[in-house]
């Protein structure tokens, strides 16, 4: 049985009136869903202190509904996101940059969700000048479709090019939108981010009056399935966050699947992280796979996923999914590619099957929000922030402290060439 919807209070109605960005109001003029800038989510977590907002990757409509129901139950703010690899032009999911807001808005209205929710375009990857040219067209189209927050991720490039790409794309991002930047491509224990790199990126952005809400690091974790005890390096994360404190940037934690709940609690307590991405775990849980307490799928003696009988998808559909993956030669890390060909088959299952899938996601996300991320009742803080600002645009946390004359294109390239960094191995590390 689902949780009873919260009553629309006077405060909520006022927040709905002033707190939705103009693109959201244009798309959904009669909606009761409080879709907000990512800035609101970050600020709510800072207001709570030692708290992290979940950024649930909405790879399927089932995951979106389950995460929203959990946020309602916990009275927590929430981010629903999709990454470029998941939902961009070359997507492996049915959810995309251009339909995610529509799915979330519809589910919020259907379920009576009354918590602030941001719609985040994660890992919008830039790897070449061609990507920059395409992004100048594509990013505005994503905001036209209801995105309220974006991660411009040029971390694949050398540090000077990362900074310059971010500066070139900033004019195409609304000033009210949540903004995430990244230094150090996510490669596990190799190519770890450094204080020097993070300061270089943030100083250059600050000099040009670009004030990110979050910075993502390569702090020892990976995307997707994590098979070892390695993972987030809490002390490294804290060191970098302390070094960049002047620039008022919160941490965004990528690759949480595979990290224990205890390690994630440490991240909340010891670092300035306010956003944590959860993707693979929610996918596996929705399908009905056996997982450990932090959502990492458990394998049998043959290295295959263990499906829990009468949970998640039907046994018949799971057999079909496995056969499809086998036919494609996909190993366990590539099961994520099943999302696109099987989304409609999943939605075409009987209601009781869909409900048990949604409930499984809801229970896991609720536990994470309440027991790990300290996010319970942060929805009220998000609404208070909007009411205090009297606007959807709550402004930046930082102000300019760097001299722009020291951060011209030529000086950025010169400073970048002097950085001593290890980018780790070459390869495709997208999730």
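The values are calculated or read from the model by the stated rules, or taken from the named source; none is laboratory data. Since we're looking at a predicted model, the values are computed, not measured. Counting neighbours? That spans all protein chains shown, and the Cβs are built from the backbone with ideal geometry, glycine included.
With respect to the conditions (1) farther than 18 Å from residue 367 by Cα; (2) in contact with a strand residue (DSSP E or B) (Cβ under 9 Å, 6 or more places away or on another chain); (3) surrounded by fewer than 23 Cβ atoms within 10 Å (Cβ to Cβ), residue 254 lacks only one, and its number is (3). Yes or no: residue 101 in contact with a strand residue (DSSP E or B) (Cβ under 6 Å, 6 or more places away or on another chain) and either modelled with pLDDT under 95 or not in a helix (DSSP H, G or I) (or both)? So residue 101 fails the test. Any residue in the stretch 129-143 that is assigned to a loop (DSSP other than H, G, I, E, B), in contact with a helix residue (DSSP H, G or I) (Cβ under 6 Å, 6 or more places away or on another chain) and at pLDDT 95 or above? Looking for residues that are assigned to a loop (DSSP other than H, G, I, E, B), in contact with a helix residue (DSSP H, G or I) (Cβ under 6 Å, 6 or more places away or on another chain) and at pLDDT 95 or above, one finds none in the stretch 129-143, hence no. Go through the residues of the stretch 32-43 one by one and say whether even a single one is surrounded by fewer than 22 Cβ atoms within 10 Å (Cβ to Cβ), out of contact with any strand residue (DSSP E or B) (no Cβ under 9 Å at 6 or more places or on another chain) and over 15 Å from residue 365 (Cα atoms). So far as the stretch 32-43 goes, yes, one or more of its residues are surrounded by fewer than 22 Cβ atoms within 10 Å (Cβ to Cβ), out of contact with any strand residue (DSSP E or B) (no Cβ under 9 Å at 6 or more places or on another chain) and over 15 Å from residue 365 (Cα atoms). Within the stretch 5-17, not a single residue is buried (at least 17 other Cβ atoms within 10 Å of the Cβ) and in contact with a strand residue (DSSP E or B) (Cβ under 8 Å, 6 or more places away or on another chain).
Where helices (runs of 4 or more DSSP H) sit wholly within the stretch 144-252, those with at least 3 residues that are at pLDDT 95 or above, within 22 Å of the chain's Cα centre (by Cα) and within 21 Å of residue 81 (Cβ to Cβ) occupy 159-169.
Against the condition closer than 30 Å to residue 243 by Cα, free of Cβ contacts under 8 Å to residues at least 40 places away in the same chain and assigned to a helix (DSSP H, G or I), how does residue 262 come out, does it pass? Yes; evaluated as a whole, the condition is true for this residue. Based on what the data block shows, is residue 259 at pLDDT 90 or above and buried (at least 21 other Cβ atoms within 10 Å of the Cβ)? No.
If you go through the stretch 365-392 and keep only what is surrounded by 16 or more Cβ atoms within 10 Å (Cβ to Cβ) and under 15 Å from residue 261 (Cβ atoms), you end up with 365, 366, 367, 368, 369, 370, 372, 373, 374, 375. Please indicate, with yes or no, whether at least one residue in the stretch 125-132 is closer than 23 Å to residue 197 by Cβ, in contact (Cβ under 8 Å) with a residue 24 or more places away in the chain and within 19 Å of the chain's Cα centre (by Cα). Checked against the condition, which is being closer than 23 Å to residue 197 by Cβ, in contact (Cβ under 8 Å) with a residue 24 or more places away in the chain and within 19 Å of the chain's Cα centre (by Cα), the stretch 125-132 yields at least one hit.
Screening residue 414 on (1) over 26 Å from the mean Cα position of the chain (by Cα); (2) in contact (Cβ under 8 Å) with a residue 60 or more places away in the chain shows it passes everything except condition (2). Across the stretch 290-300, a minimum of one residue is classified as touching a strand residue (DSSP E or B) at 6+ places or on another chain (Cβ under 8 Å) and exposed (fewer than 15 other Cβ atoms within 10 Å of the Cβ).
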